[in-house]
Amino acid sequence: MAGEEDHLSTEIVNRGIESSGPNAGSMTFSVRVRRRLPDFLNSVKLKYVKLGYHYLINHAVYLATVPVLVLVFGAQVGSLSREELWRRIWDSAAGYDLATVVGFLALFVLTVSVYFMSRPRPIYLLDFACYKPSDDLKVTAEEFIGLARKSGKFDEESLQFQRRLLQTSGIGDETYVPKSIGSSANTATMKEGREEAATVIFGALDELFEKTNVRPKDVGVLVVNCSIFNPTPSLSAMVINHYKMRGNILSFNLGGMGCSAGVIAVDLARDMLQANPNNYAVVVSTEMVGYNWYPGKDNSMLIPNCYFRMGCSAVLLSNRRRDFRRAKYRLEHIVRTHKGADDRSFRTIYQEEDPEKFKGLKISRDLIEVAGDAIKTNITTLGPLVLPLSEQLLFFSTLLWRLLSGAGTSSSQPTKPYIPDYKLAFEHFCMHAASKTALDELQKNLKLSETHLEASRATLHRFGNTSSSTIWYELAYLEAKDRVRRGDRVWQLAFGSGFKCNSVAWKAVRRIRRPERNPWMDCIERYPHAVLNFQ
């Protein structure tokens, strides 16, 4: 804020030759201080000008037509007396016979009925649950390195590389890993994988069914996604067997689809609900840390060891209209982008064996660049669906100007493209917390504030990268902070191997009060300060 001195101006005044006193015969000057008008160009807060522009454009139709209609209607009505006005209304109504009126009403009712029946059924998110492992699985960065050293699978150089990676990862000292990673034996066994899967999946589903009071037999659609661990029978079959679900359930098991599979699973569940009315759908998203543990020495394959942590989410969706009253969110849009046709994108995150025949995920140095390209394509497709007209006009006019002026060509000065302001489309952002570097790039390119990325950074710090379930821990953070109000729009964006980037937009149908069961409830008061102190 400008100080008082910024509104003052000085002026030197020549007072002529002093006629008497000690300075007689000398030129004398005085400094006059005046209060000047403020610099309006700099003092006007441009954000209010921008808000005014958006309001004007988005309501231009109403601002242009409503006053005209009011003036015309007022002029017509004002020229008539009350008796003449009623007489004209009566004469107009008397000109139609009963059959015409009934026919018109029947046609109107039929048109409205066809319109509402042909619309796709709204998909509601009733509730969701995020699994919180027991405290005996919690590790600090030093304990993590201690477990890796205890296993005897890494040399000192590999241990130091993992230590340096953890120091800059944005991951705190309260994340969860299976204790089996400290074992000298092979942890990537079917037994270890099934035990970890049962722990996290049943833990999340037990909480979900308890919170929603929905019986497992009432679920008509089940979608389970886990990228690396895909046993036979499938994880979805394991869930059906454990909860004794009904025999005609539509079950799906998605594998190998990376960290963005949570959105893909929601998309599949939506399609199934559209085709099967009056149903519930459960979406389970998880990844197995112990089964993915890489015991080799390739630095690019050691990266997942440091970032991925235990976690699982379970989401209950419904297409029953009567569930509107108890739902939390309504599904608005899903946009999926796949860059797998490009070889470099396809191999950015690639599962293979190292020279010693140890399996692991190899992370390419091109990851940030490839991810940026996929995110750019995804949000460009999402923009017209969610951005207000005013922002779309700005984007289109900037693009048109670049084309007409030849900006960006080799003979001209490169100009930055206009980045739409997605803060006008969403109140809350749940960006996949893959790493601190990824979040920094997203914040810079989308021009988001620390508050907008608070949920993502807090999730990375507290729970690490839990793969496809990460975006649900972020939404749980927002609910634990009691920030979601009725009508608020939430953007969940996830990206992962393939290379894929997927977005889902939700709208809160009511105020979401702080839940009693939430993975953040024992530590929510420490955030966001815990992240700031860690950095």
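The values are calculated or read from the model by the stated rules, or taken from the named source; none is laboratory data. Here the structure is a predicted model, which means the values were calculated and not measured. Cβ placement follows ideal geometry from the backbone for every residue including glycine, while neighbour counts extend to all protein chains displayed. The area values use the complete protein model at the heavy-atom level, side chains included, leaving out ligands, DNA and RNA. Shrake-Rupley method; radii C 1.70, N 1.55, O 1.52, S 1.80 Å.
Residue-by-condition table, conditions (1) in contact with a Cys (Cβ under 6 Å, 6 or more places away or on another chain); (2) surrounded by fewer than 22 Cβ atoms within 10 Å (Cβ to Cβ); (3) more than 28 Å from Ile363 (Cβ to Cβ):
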| position | (1), (2), (3) |
| --- | --- |
| Glu210 | no, yes, yes |
| Asp218 | no, yes, yes |
| Val221 | no, no, yes |
| Pro231 | no, yes, no |
| Ser260 | no, no, no |
| Ala281 | no, no, yes |
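Within segment 437-446, being surrounded by fewer than 19 Cβ atoms within 10 Å (Cβ to Cβ) and either more than 25 Å from Asn305 (Cβ to Cβ) or basic (Lys, Arg) (or both) holds for Gln443, Lys444, Asn445.
Might you let me know whether segment 410-425 holds any residue that is among the hydrophobic types (A, V, I, L, M, F, W, C), at pLDDT below 95 and touching a strand residue (DSSP E or B) at 6+ places or on another chain (Cβ under 7 Å)? Scanning segment 410-425, I find at least one residue that is among the hydrophobic types (A, V, I, L, M, F, W, C), at pLDDT below 95 and touching a strand residue (DSSP E or B) at 6+ places or on another chain (Cβ under 7 Å), so the answer is yes.
Per this entry, Val214 is not counted among residues that are buried (at least 19 other Cβ atoms within 10 Å of the Cβ) and either without any contact (Cβ under 8 Å) to a residue 24 or more places away in the chain or not in a helix (DSSP H, G or I) (or both). Within segment 315-329, the set of residues being in contact with a helix residue (DSSP H, G or I) (Cβ under 8 Å, 6 or more places away or on another chain) and either closer than 23 Å to Gly383 by Cα or not in a strand (DSSP E or B) (or both) comprises Asn319 only. Sub-8 Å Cβ pairs linking a first residue in segment 144-169 that is over 15 Å from Trp293 (Cα atoms) to a second residue that is in a loop (DSSP other than H, G, I, E, B), at least 6 apart or interchain, are Asp155/Lys297; Glu157/Lys297; Ser169/Ser435, ordered by first then second residue. Take the conditions (1) in a helix (DSSP H, G or I); (2) among the aliphatic types (A, V, I, L, M); (3) more than 28 Å from the chain's Cα centre (by Cα); Met245 misses just one of them, which is (1). Residues in segment 447-477 that are open to solvent by 10 Å² or more (accessible area, probe 1.4 Å) and on the phi < 0 side of the Ramachandran plot: Leu448, Ser449, Glu450, Thr451, His452, Glu454, Arg457, His461. Output the residue which, of all residues in segment 324-352 that are open to solvent by less than 100 Å² (accessible area, probe 1.4 Å) and among the charged types (D, E, K, R), is nearest to Asp127 (Cα to Cα). Out of the qualifying residues, it is Lys328.
Of all residues in segment 162-202, those satisfying the criterion of being surrounded by fewer than 20 Cβ atoms within 10 Å (Cβ to Cβ) and closer than 18 Å to Ser285 by Cβ are Arg194, Ala198, Thr199, Phe202. Checked against the criteria, Glu287 counts as among the acidic types (Asp, Glu), surrounded by 18 or more Cβ atoms within 10 Å (Cβ to Cβ) and in contact (Cβ under 8 Å) with a residue 60 or more places away in the chain.
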